[in-house]
1. What do you reckon, is Ile73 modelled with pLDDT under 85, of a type in the set (A, V, I, L, M, F, W, C) and either in contact with a strand residue (DSSP E or B) (Cβ under 8 Å, 6 or more places away or on another chain) or more than 27 Å from Arg185 (Cα to Cα) (or both)?
2. Considering only residues of segment 117-145 that are of a type in the set (D, E, K, R) and surrounded by 13 or more Cβ atoms within 10 Å (Cβ to Cβ), which is farthest from the chain's Cα centre (by Cα)?
3. Out of Leu498, Leu569, report the one residue that is among the aliphatic types (A, V, I, L, M), touching a Gly at 6+ places or on another chain (Cβ under 9 Å) and within 30 Å of Leu429 (Cα to Cα).
4. Being more than 20 Å from Leu562 (Cβ to Cβ) and open to solvent by less than 30 Å² (accessible area, probe 1.4 Å) is the filter; apply it to segment 344-362 and report the residue that is farthest from the chain's Cα centre (by Cα).
5. Within segment 573-591, how many residues are modelled with pLDDT of 95 or more and under 27 Å from Arg334 (Cα atoms)?
6. Tell me the residue from Asp377, Asp434 that is modelled with pLDDT of 95 or more and either farther than 23 Å from Gln253 by Cα or among the β-branched types (Val, Ile, Thr) (or both), please.
7. Of all residues in segment 393-409, which are open to solvent by 20 Å² or more (accessible area, probe 1.4 Å) and either among the basic types (Lys, Arg) or closer than 16 Å to Ile472 by Cβ (or both)?
8. Among the candidates Gly454, Gly473, Gly448, single out the residue that is touching a residue at least 60 places away in the same chain (Cβ under 8 Å) and at positive phi.
Amino acid sequence: MRKVKFFTGPYRQKKLRTIAFWSIAVLVIALLLFFLLRKSLEPYDFQLAYDKALEHSDFEEIISIHGQAQKIIADGADSGDNSAELADAILIRDKIEIQLSTYSQSLIESVLRGNSLSSEEAERLSLSMSIVGDDSLEVIEDVLKDYVLDVISEAEYIHFLETLYPVPEFKRFLSEQVNEFVLIRDFKTALEPAYQLLQQGEYSASADAFESLGDSEYSRMRSLDHILEDLRMEALDSLYLLRMPEIQRLIEQGRLYDASLIIRSIDFYFPDREELIQAKNLTDKMVPSKLIYWSDPIEAISVKPIIADSERAFDNDVFADRANEDLLTAAEFRLLLEALYENDYVLINGNEIVDEAGNFQRVLIPSGKKPLLIFLDDFYFTPQRVESGICSRLDLDEESNVLGVIQDRQGIENLQSNSTAIDILEDYLQEYPDFTFNGAKAVIVLSGADGLLGYPLNSEHLVRMRDQAQSIGLSFYLDSVNDFEANREKLREIFASLEYKQWVFASQSYNRISVPDQSLSSLSWDTEHMQEEIAEFITDLRIYAFPFGNHVEANSLLSSYLANSGFVLQSGSGTPYAYTIQKQGYVYIDRQQITADKLRNPQANFLNNFVSGRQIITDNKRPY
């Protein structure tokens with residue numbers, strides 16, 4: 001049997017040291033593998049790495065972090081991962097891209113200010129553009145747009161190209177501009193007239209011009225095509241913002257024909273704008289398809305203020321007989337409107353039959369209709385008129401409708417509809433909108449001696465009206481209208497509402513004078529006094545309606561004076577038929593006065609063409 005030999009001495013010690021070394025090595029390797037494995041299992045702290053790179057201005061590291069984030073995002077998109085690490089990667093990627101985009105644009109703006117790029121800036125810009133280049137494309141096209149619109153000079157534009165084109169990542173964006181520089185320069189010249197039209201507010205013409213340029217050789221360059229499309233859209237947006245509110249205002253005013261003209265001029269630009277489509281549908285429905293120009297004499301009638309309170313008008317006082325002879329009740333005025341409508345009359349605007357130079361203008365009306373002017377004569381309010389059942393003044397309701405204020409014998413006031421010719425006609429037109437063409441209403445004939453529309457404006461008016469009130473026992477008449485400034489403010493509101501709704505105004509002289517009996521001096525004083533009083537309330541006073549049925553056709557001095565004072569339409573009474581004549585600097589039109597007495601026998605008073613024998617005077621409170 002062999003004996004086992006045990007080694008001793010130096011050899012044994014050496015072997016033990018070898019075993020110990022390798023044991024320690026294996027342990028170290030194991031520990032390193034353990035820590036590395038644990039490290040790999042921990043999520044990468046993007047924010048910490050990004051903050052450290054920013055702190056050291058390590059641009060390359062920032063780019064590297066962006067690449068790592070993009071890889072995690074791409075892998076996560078493929079696997080459907082929704083981990084916190086993916087969310088952090090998306091957040092840091094977006095931060096870096098915003099930073100790079102800001103950095104790129106700051107360098108581009110520096111170049112536009114005439115600066116050059118260092119080699120480091122060029123390298124960093126190229127790296128940035130490799131990541132956010134598409135985001136900067138808009139800036140590059142804006143520079144081109146600034147050049148062709150003369151915002152920057154040609155020298156500035158060339159410096160921009162020469163500085164940035166060598167930057168590697170810029171070549172793909174700028175190569176077209178560099179290669180087509182001659183075309184761009186030609187485009188700049190061709191664009192100038194179209195752009196001037198846009199700047200001048202000629203939006204339709206500029207949109208058409210931009211479209212025409214888009215159909216030319218310039219459209220083969222994508223960036224130029226984009227510029228043309230942007231400018232065309234700018235022109236069309238400006239056109240719509242300008243025209244659509246105007247269309248809506250005209251429709252609200254009843255001026256549907258005017259609105260239809262604007263709609264027809266722009267609707268092909270905007271086939272999908274719903275509010276424009278609705279407006280077109282309305283005007284197509286309401287505006288007659290066949291219109292004619294009327295060149296014959298125009299018929300005109302006049303009525304005095306309407307009786308709102310029949311019991312008070314016909315109470316056998318000293319004013320009752322006159323009211324019974326001259327005035328119509330609210331119901332009777334409505335019957336008159338019905339008769340006029342049935343006889344194919346259509347209301348026209350008194351300010352539109354004569355131009356500013358005093359020349360007669362043909363009147364556009366629906367075919368089959370006859371033009372008519374209605375004058376609301378003697379449209380002033382006094383205590384005596386209240387005793388005749390007329391309202392004491394005008395006022396506005398909450399919707400800015402002009403109504404009459406009715407004052408009873410105890411001084412109690414009520415704002416009441418169906419109390420003036422104004423609101424009666426407005427209501428009638430709501431039911432029969434084709435009784436007017438293009439929103440025309442009537443002519444309100446004003447004088448100034450008793451204030452305006454029932455409101456005293458100075459001490460003279462107040463004393464005059466107070467004396468009248470006291471003479472018939474109406475001491476309370478002026479209690480609610482003795483503040484002149486408040487009266488002026490109220491009148492501004494009333495006149496603004498009336499003008500907006502297409503009522504027009506005429507002067508009857510300040511003192512309701514018999515004009516043929518005046519000297520030039522007295523007429524001049526009266527006219528200037530009236531114009532001064534009315535100026536703050538009315539922007540356009542072009543009609544002079546002589547009181548008392550007078551006219552001055554036989555006195556060229558007075559008629560010429562009135563024409564030179566701006567009264568290019570003058571109206572009196574004298575003929576029982578339509579009479580319109582062109583005179584030197586003005587047009588004269590005769591108006592037939594409609595009174596209760598005349599309507600009792602319309603044929604004898606040459607009114608049958610208006611009422612066709614229809615019975616108008618029907619109020620059973622009348623004495624006869």
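The values are calculated or read from the model by the stated rules, or taken from the named source; none is laboratory data. Keep in mind that this is a model prediction, so the values were computed, not measured. Cβ coordinates were reconstructed from backbone atoms using ideal geometry, including for glycine residues, and neighbour counts include every protein chain displayed. Protein only, heavy atoms only, side chains kept; ligands, DNA and RNA dropped before computing areas. Shrake-Rupley method; radii C 1.70, N 1.55, O 1.52, S 1.80 Å.
1. Working: modelled with pLDDT under 85: yes; of a type in the set (A, V, I, L, M, F, W, C): yes; either in contact with a strand residue (DSSP E or B) (Cβ under 8 Å, 6 or more places away or on another chain) or more than 27 Å from Arg185 (Cα to Cα) (or both): yes.
Against the criterion (modelled with pLDDT under 85, of a type in the set (A, V, I, L, M, F, W, C) and either in contact with a strand residue (DSSP E or B) (Cβ under 8 Å, 6 or more places away or on another chain) or more than 27 Å from Arg185 (Cα to Cα) (or both)), Ile73 qualifies.
2. Filtering segment 117-145 for residues of a type in the set (D, E, K, R) gives 120-121, 123-124, 134-135, 138, 141-142, 145.
Those left that are additionally surrounded by 13 or more Cβ atoms within 10 Å (Cβ to Cβ): 121, 123-124, 135, 141-142, 145.
Numbers: Glu121: 50, Glu123: 52, Arg124: 50, Asp135: 36, Glu141: 33, Asp142: 31, Lys145: 30 Å.
Checked segment 117-145; the qualifying residue farthest from the chain's Cα centre (by Cα) is Glu123.
3. Every option except Leu569 fails the conditions.
4. To start, the set of residues in segment 344-362 that are more than 20 Å from Leu562 (Cβ to Cβ) comprises 344-349, 362.
When the remaining residues are screened for being open to solvent by less than 30 Å² (accessible area, probe 1.4 Å), the result is 345-349.
Numbers: Tyr345: 33, Val346: 29, Leu347: 27, Ile348: 25, Asn349: 23 Å.
Step by step, filter segment 344-362, then rank; the result is Tyr345.
5. 3
6. Working: Asp434 fails: either farther than 23 Å from Gln253 by Cα or among the β-branched types (Val, Ile, Thr) (or both).
Testing whether each residue is modelled with pLDDT of 95 or more and either farther than 23 Å from Gln253 by Cα or among the β-branched types (Val, Ile, Thr) (or both) leaves just Asp377.
7. Arg393, Asp408, Arg409
8. Testing whether each residue is touching a residue at least 60 places away in the same chain (Cβ under 8 Å) and at positive phi leaves just Gly454.
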